[in-house]
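Undergrad: Handing you this structure, nothing more for now.
The values are calculated or read from the model by the stated rules, or taken from the named source; none is laboratory data. Computed from a prediction, not measured in an experiment: that's the story for all the values here. Every residue, glycine as well, gets a Cβ built from its backbone with ideal geometry; the counts of neighbours run over all protein chains shown. Just the protein is used for accessible areas: all its heavy atoms, side chains included, with ligands, DNA and RNA removed. Shrake-Rupley method; radii C 1.70, N 1.55, O 1.52, S 1.80 Å.
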Amino acid sequence: MKICVIGLGYVGLPLARLFSTRYDIIGFDLNQDRVDALRRGVDETHELSAELLQSALNAGLKFTTSEEEIKESDFYVVAVPTPVDQNNRPNLQPLLSASEIVGRAIQQGNIVVYESTVYPGVTEEECIPVIERVSGLTFNQDFFVGYSPERINPGDKEHTVEKIKKVTSGSTPEIADRVDAIYNSVLLNGTHKAPSIRVAEASKIIENAQRDVNIAFVNELARIFNAMGIDTNEVIEAASSKWNFIPMKPGLVGGHCISVDPYYLIQKAQVYGVLPRIMTDARRLNDGMGDYVAQQVIKCMNKKGVLVKDAKVLILGFAFKENCPDIRNTKVVDIYQTLSEYTANITIYDPKVNPHRVREEYGLAVINELPVLCYDVIILAVAHQEILALDLTQYKHEATVIYDVKGVLDRTLVDGRL
């Protein structure tokens, strides 16, 4: 069997590497720079170590931007982004474009498995018709489809793709068995075979929606307790002494999963006449946390007598989460935007991210090395290991305001925290 993985990002690349341990595998991506870097053994996402990627290359893993080179495949896996537009409406274009690529390559008897996060029905109602139209083949007669939602957690070196349990499904019982067997052949903890593609699609989207709602609850608690002058983290620590309390911390909800996926289910629910109030309110609350943090910082500055206008501000971290270079949907940008209404003297330091990509996507300057200077405000926004290792006393004067978004700094050092 020859497997082709379409989309070599945070999901596709680790999966292609894993499949390469047992199968003839080729990875396809439209980004020539990305493919060239992978051929050199460089993964800018840092999901694969240089050693692991080089080992896969030595074992025969190939990367290409040529559609001709993927036409000999038997099993296609689509792992492309499913973003939302500026109005938070699902944007299926990357998925539909990938389906066209599959349609131009697919042959009689081939199987296509989608891993991209979608609302229930997308695979069968949106993607399959595209493949049929482009290929001229008939679904469930000439080609077959499965769905196995990704569960990649960017930057997580413990729950890597080979260790997670994956949900699988297929367009017929026989295909469901075949898809399940192929994934089982490379996974350490097996699979859960869902009874249908729609069930598998729904299972993925509620995984992230549930976390979004839970975090929104804790963020709301943080707002309440901050208004009361109570430390939220101390409250959570005390409540965690009860055996069935689920401890979670408040924070910024960014990235390509939790901050995006619920919108897919929200939109589809409305098509069926259901208004998902809890998910909608959770999204609204979490989307506003960056501005809330900035307002809390300004409050701390006023209390300490630090002039907000033209203040020198240092934001530590720009990625959407710690120890990861992923800047997709980072909410740190919201902190910046609110503070930039009062001062232009804002420095963003992040040793993990690519400054060029930040400038391309957000129009902001980020530095990878931090000179020793004094600032009026220091905001710890992302708890990268390199940031936690900093001696913040080198960057402050007597009146400097230190705000801890992550709740990880010595409480006696900070003026406020989420």
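Undergrad: Search region 100-122 for residues being open to solvent by 10 Å² or more (accessible area, probe 1.4 Å) and closer than 29 Å to residue 269 by Cα, and hand back the single one that is nearest to the chain's Cα centre (by Cα).
TA: Checked region 100-122; the qualifying residue nearest to the chain's Cα centre (by Cα) is 119.
Undergrad: In addition: Filter region 1-51 down to residues that are open to solvent by less than 60 Å² (accessible area, probe 1.4 Å), in a loop (DSSP other than H, G, I, E, B) and of a type in the set (Val, Ile, Thr) and give me whichever is modelled with the highest pLDDT.
TA: It comes out as 11.
Undergrad: For region 277-316, what are the residues that are outside any helix (DSSP H, G or I) and among the small types (Gly, Ala, Ser)?
TA: Taking region 277-316 as the starting set, the residues that turn out to be outside any helix (DSSP H, G or I) are 288, 305-316.
Across region 277-316, the qualifying residues are 288, 305, 311.
Undergrad: Return the only residue of 199, 167 being surrounded by fewer than 20 Cβ atoms within 10 Å (Cβ to Cβ), touching a Pro at 6+ places or on another chain (Cβ under 9 Å) and farther than 16 Å from residue 75 by Cα. Let's see the steps before the verdict.
TA: On the way: 167 fails: surrounded by fewer than 20 Cβ atoms within 10 Å (Cβ to Cβ).
After ruling out the rest, the residue left standing is 199.
Undergrad: Next question. Looking at region 271-287, which of its residues are farther than 23 Å from residue 122 by Cα and either open to solvent by less than 80 Å² (accessible area, probe 1.4 Å) or at pLDDT below 95 (or both)?
TA: Result: 282, 285, 286, 287.
Undergrad: Output yes when any residue across region 9-21 is under 23 Å from residue 104 (Cα atoms) and charged (D, E, K, R), and no when none is.
TA: No.
Undergrad: Okay, moving on. Of everything in region 248-270, what is open to solvent by less than 20 Å² (accessible area, probe 1.4 Å) and polar (S, T, N, Q)? Give them in sequence order.
TA: 259
Undergrad: Related question: Which of the residues that make up region 201-249 are among the β-branched types (Val, Ile, Thr) and without any contact (Cβ under 8 Å) to a residue 60 or more places away in the chain?
TA: Narrowing region 201-249 to residues among the β-branched types (Val, Ile, Thr): 205-206, 213, 215, 218, 224, 230, 232, 235-236, 246.
Selection gives 206, 218, 224, 230, 235, 236, 246.
Undergrad: Looking only at residues in region 233-273 that are assigned to a helix (DSSP H, G or I), more than 25 Å from residue 317 (Cα to Cα) and of a type in the set (S, T, N, Q), which one is farthest from the chain's Cα centre (by Cα)?
TA: Looking at the filtered set, the residue picked out is 270.
Undergrad: Kindly list the number of the only condition in (1) among the aliphatic types (A, V, I, L, M); (2) farther than 19 Å from residue 47 by Cβ; (3) at pLDDT 95 or above that fails for residue 319.
TA: So the condition that residue 319 fails would be (2).
Undergrad: Only residues that are outside any loop (DSSP other than H, G, I, E, B) and open to solvent by 10 Å² or more (accessible area, probe 1.4 Å): list them for region 70-99, please.
TA: Initial filter on region 70-99 (outside any loop (DSSP other than H, G, I, E, B)): 70, 75-78, 84, 90, 93-99.
Selection gives 84, 90, 93, 94, 96, 97.
Undergrad: I'd like the full set of residues that are among the charged types (D, E, K, R), touching a His at 6+ places or on another chain (Cβ under 9 Å) and under 25 Å from residue 82 (Cβ atoms), limited to region 323-353.
TA: Within region 323-353, 326, 328, 352 meet the criteria.
Undergrad: Filter region 54-77 down to residues that are of a type in the set (A, V, I, L, M) and in contact with a Leu (Cβ under 7 Å, 6 or more places away or on another chain), then give me how many there are.
TA: Of the residues in region 54-77, the ones of a type in the set (A, V, I, L, M) are 56-57, 59, 61, 70, 77.
Applying the additional criterion that residues be in contact with a Leu (Cβ under 7 Å, 6 or more places away or on another chain) yields 77.
The total comes to 1.
Residue-wise test of (1) surrounded by fewer than 18 Cβ atoms within 10 Å (Cβ to Cβ); (2) among the aliphatic types (A, V, I, L, M); (3) at pLDDT below 95; (4) not in a loop (DSSP other than H, G, I, E, B).
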site	(1), (2), (3), (4)
329	no, no, yes, no
336	no, no, no, yes
343	yes, no, no, no
353	no, yes, no, no
365	yes, yes, no, no
370	yes, yes, no, no
377	no, yes, no, yes
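Undergrad: For region 123-136, indicate whether the set of residues that are surrounded by 24 or more Cβ atoms within 10 Å (Cβ to Cβ), out of contact with any His (no Cβ under 7 Å at 6 or more places or on another chain) and farther than 17 Å from residue 76 by Cα is non-empty.
TA: no
Undergrad: Which of (1) part of a helix (DSSP H, G or I); (2) out of contact with any Asp or Glu (no Cβ under 8 Å at 6 or more places or on another chain); (3) touching a residue at least 24 places away in the same chain (Cβ under 8 Å); (4) more than 30 Å from residue 288 (Cα to Cα) does residue 198 not meet, given it meets every other one?
TA: Residue 198 satisfies all of (1) part of a helix (DSSP H, G or I); (2) out of contact with any Asp or Glu (no Cβ under 8 Å at 6 or more places or on another chain); (3) touching a residue at least 24 places away in the same chain (Cβ under 8 Å); (4) more than 30 Å from residue 288 (Cα to Cα) except (2).
Undergrad: In the list 392, 413, which residue meets the criterion of being closer than 30 Å to residue 237 by Cα, aliphatic (A, V, I, L, M) and open to solvent by less than 20 Å² (accessible area, probe 1.4 Å)?
TA: Result of the check over 392, 413: 392.
Here is a yes/no grid of residues against (1) on the phi < 0 side of the Ramachandran plot; (2) touching a residue at least 60 places away in the same chain (Cβ under 8 Å); (3) in contact with a Ser or Thr (Cβ under 7 Å, 6 or more places away or on another chain):
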site	(1), (2), (3)
289	yes, yes, no
294	yes, no, yes
340	yes, no, no
365	yes, no, no
368	yes, no, no
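Undergrad: Mind checking which pairs have a first residue in region 163-183 that is β-branched (Val, Ile, Thr) and a second that is open to solvent by less than 10 Å² (accessible area, probe 1.4 Å) and part of a helix (DSSP H, G or I), Cβ under 6 Å, 6 or more apart or different chains?
TA: Pairs found: 167/200; 168/179; 168/183.
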